[in-house]
1. Scan Ala240, Ala283 and give me the residue that is open to solvent by 10 Å² or more (accessible area, probe 1.4 Å) and under 21 Å from the mean Cα position of the chain (by Cα).
2. Scanning region 68-99 for residues that are in a helix (DSSP H, G or I), over 19 Å from Arg38 (Cβ atoms) and of a type in the set (D, E, K, R), which turns out modelled with the highest pLDDT?
3. Take the residues of region 175-184 that are among the hydrophobic types (A, V, I, L, M, F, W, C) and not in a loop (DSSP other than H, G, I, E, B): which is nearest to the chain's Cα centre (by Cα)?
4. Would you pick out the residues in region 334-360 that are open to solvent by 10 Å² or more (accessible area, probe 1.4 Å) and farther than 29 Å from Pro277 by Cβ?
5. Going through region 487-507 one residue at a time, which ones are under 19 Å from Val357 (Cβ atoms) and not in a helix (DSSP H, G or I)?
6. Select from region 497-509 the residues that are under 24 Å from Val376 (Cβ atoms) and without any contact (Cβ under 8 Å) to a residue 12 or more places away in the chain and list them in ascending order.
7. Please find, among Val102, Val170, the residue that is buried (at least 17 other Cβ atoms within 10 Å of the Cβ), at pLDDT 95 or above and either of a type in the set (S, T, N, Q) or over 25 Å from the mean Cα position of the chain (by Cα) (or both).
8. Of the residues that make up region 266-280, is at least one at pLDDT below 95, of a type in the set (D, E, K, R) and more than 24 Å from Leu169 (Cβ to Cβ)?
Amino acid sequence: MKEIFPILRDRRPMLCIETAAGPSAVVVFGASGDLTHRKLFPSLYELFSGDLISKQFYLIGCRRSPLSDLQFRRGIQDANGASGSDKWPAQSEAFLERCFYVQGDYRSAELYRLLQDRMAQLDKQFRVDGVRLFYLSVPPKVVEDIAERLAESKLACPAAPGHPQNVRLVIEKPFGRDLKSAIELDRKLHLCFQESQIYRIDHYLGKETVQNILVFRFANSLFEPLWNRNYIDHVQITIAESLGVEHRAGYYDQTGALRDMFQNHMLQMLSLVAMEPPASFAADHVRDEKAKLLRSLAPVSPNPQDMQIVRAQYGPGIINGKPAVGYRQEKGVDPQSFTETFVAARLMVDNWRWKGVPFYLRTGKRLSRKLTEIVVVFKSIPHSLFQDVGIEEMPQNVLRFQIQPQEGTFLSLQAKRPGSKICMSTLEMAVDYQKVFGVEMPEAYQRLLLDCLIGDQTLFTRQDSIIPTWELLQPIIDQWIYNREDIYIYQSGTSKIDPADKLIQKTGHYWNTI
């Protein structure tokens, strides 16, 4: 397969719109976490150094262990140094002087009294009378406690009466552990916060290629008329990782791939691919259509004989030429664990646009390489004009949105090669975003944090999109708990998993190569 690279003749953008955040205070619960130091602090710094956060801004980190403001700032500086930012040395003082620390137990009322006093002082010091953003980078079991304490201490109340959306709560997945816990979490959050204040963050929705799906579909007249059962044969969504559970073994062994990746990242990407055109790009218009799509997903049979969903777990193998232990040998994992590290499924959408079109989803750890992509396979041409020269079937056109490792959009086409009268090749028109636009891809959390601060909920999951996903998956969870031992063990480093291959081949299709 040959590649055709585009020539961007005019590098001036046709239309670029970005909104800077006004005065704001950011409070991060779980300020010592790995995600916080790798993603949140560097992303906040990049926004600040790019003048996308007002200078009327401050950051407070909260956690249980004692720490001075100076020690906290050193930790942030280390995190930013690791991010490799060119701007860090020149902008460090202005950002660091706005970073502070409050220590306490998340369940103790004393922490919130200390936090209230510190915020009142810093509001005056930095003239902040605007957004209060509470970011909960904490284990799911303490999310409800923090939300309740914020309400009890009046920290969840807006500075300006009548504007509750000025106080915002950001929570990370998982949004519940099953249908029952998701409903209960939702009930408790809404005792304290309105839906307009809750930002359920999914970092995959902040990636440039994922966002570009909406622009690609709805800003071009070429593809949307073909975006239906008449022209599309099937769709594949893949999230493959070469890494194992790493330092998340304790969490992962209680969660598994279905809850960790499938319920959120994968179904959210599916909703963007398959949703109906919204009335506008307003947040609620987009989220209305996503919710409708998720409610249209047909039930999935958990019965292994039906081959609609399969699970597997990685065993020992070879990764990058080096031996890798199996999941059950990982530190912190139960040696008898039946937790799945791989899931593949065939989903159907019961609506007019997609009736009969299968959506194949797969996600797993310890596979041959890291790859996240959405593959749209168009139907074969109805009749080959080249049967006389032995070409009875033409390869199908494939549109591929690659999200990792490098972001880009790729379209395969058939074309005649120079020379012989009939000589055809598959060409791939490649738009590698970094090569074409000449810029580094921004960290997804930059986009999402800025949207939190300016109050744009478009890329955040709404309440009515959470419950349908758990309703879809709950029968599968129940079946897997009942029949724990029915799990396939695959070799670490593989690109082929037998049950997943059988699932897709049952309907006459094949996975795109990992």
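The values are calculated or read from the model by the stated rules, or taken from the named source; none is laboratory data. Note that the coordinates shown come from a computational prediction; the quantities given were computed from them, not determined experimentally. Positions of Cβ are backbone-derived with ideal geometry, glycine not excepted, and every protein chain shown enters the neighbour counts. Only protein heavy atoms, including side chains, enter the accessible area calculation; ligands, DNA and RNA are left aside. Shrake-Rupley method; radii C 1.70, N 1.55, O 1.52, S 1.80 Å.
1. Residue meeting the stated conditions: Ala283.
2. Applying the filter and picking the extreme gives Asp69.
3. Ranking the candidates gives Ala182 first.
4. Asp334, Pro335, Gln336, Phe338, Thr339, Glu340, listed by residue number.
5. Within region 487-507, Lys506, Thr507 qualify.
6. Asp501, Gln505, Gly508
7. Val102
8. Checking region 266-280: not a single residue is at pLDDT below 95, of a type in the set (D, E, K, R) and more than 24 Å from Leu169 (Cβ to Cβ).
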